[in-house]
Amino acid sequence: VWWHRLKKIDFSYVQEALDNGYVYENCIGAMIITDEPNTILYANKEARSISGEENLIGFDILNLFGSESANHLKTALDAKQDSLLQTEFMLSNNTPIICSLYKTKGKGVNVDIYVFYLNDITLLKKATNRLEYLANFDELTGLSNRRMVMNHLYDMEKLYNETGKDFELLFLDLTKFKYINDTFGHEAGDKALCAVADVLKQHTPETDMAARFA
């Protein structure tokens, strides 16, 4: 009875899903396969998407990368490295990626075949840069924050102890700032802080640091 029921079910979609071409074409990351002269033999749709090229077959893979990244990758390929794991590169269209590279042999021929896995890390880079900014700068005013000031003072103190080069620390306090907050609200207080910060940023030399300490 069960066999007769199974015969009525179409399993072609299962066979399609198990096919290597289907798996490669629909995997999450970009996948590129090249031969020994770095010519692209295969590129899945994600590779075409992040590169911005409709057809990558026949391309020299090095042309997909920015000059510095291409030189780094060429060094690895010329050295015939078996693998290159989780290396950050930049594509020629300024897309940051993590690239992994594996070398194998072509079936029946003595030719090196390279398999590249590329993952777009644009969102990760933006998040990392944002966290790094928040770690060092005051979000409201854009001035350096207390953490950055303390690190800078430590460096200045170390320089003073080593070379005798002196430094100065100047504190500014906004007159009647509490009155502004209490009378006009914290939004007005924020605007006052930003106005003062803009003046400080315009008139602080590059050799000095303007910060919101508290």
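The values are calculated or read from the model by the stated rules, or taken from the named source; none is laboratory data. All values derive from a computational prediction rather than experimental measurement. Using ideal geometry, Cβ is built from the backbone for each residue, glycine included, and neighbour counts are taken over all protein chains shown. With ligands, DNA and RNA removed, areas are computed over all heavy atoms of the protein, side chains included. Shrake-Rupley method; radii C 1.70, N 1.55, O 1.52, S 1.80 Å.
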Give me a comma-separated list of calculated 3J(HN,Hα) values for region 52-69, in order, Karplus coefficients 6.51, -1.76, 1.60 applied at θ = phi - 60°, integers in Hz, x for any Gly or Pro. x, 10, 6, 9, 9, 4, x, 5, 7, 4, 4, 6, 7, 9, x, 4, 5, 5
For the pair Asp112 and Ala135, the simple spin-label estimate (label points 7 Å beyond Cα toward Cβ) gives in nm 3.7
Residue-span extension gain [Asn181 to Phe213] - 0.36 nm each, minus C-alpha spacing: 9.7 nm
How far is it, in nm, from the label point at Ser67 to the one at Leu153 when both lie 7 Å from their Cα along the line to the Cβ? 4.4
The chain: relative contact order from alpha carbon pairs under 8 Å, six or more residues apart, as a whole percent, is 14
Show Arg147, Arg130 ordered by accessible area, largest first, where the area counts protein heavy atoms only and the probe is 1.4 Å. Arg147, Arg130
Per-pair calculated FRET efficiency, R0 = 41 Å: Thr87 and Ala195 via Cβ, rounded to 0.05: 0.35
Report, by chain and number, residues whose modeled amide H sits under 5 Å from the one on Ile113, excluding near sequence neighbours (fewer than 5 apart, same chain). Thr104, Lys105, Gly106
dims of region 124-214, Cα set, principal axes, largest to smallest, nearest Å -> 49, 40, 20
Candidate residues Glu187, Glu46: accessible-area rank, largest first, probe 1.4 Å: Glu187, Glu46
Among [x] 1.69; [y] 1.01; [z] 1.07, which one is Cα Rg over 2.2 N^0.38 Å computed from these coordinates? [x]
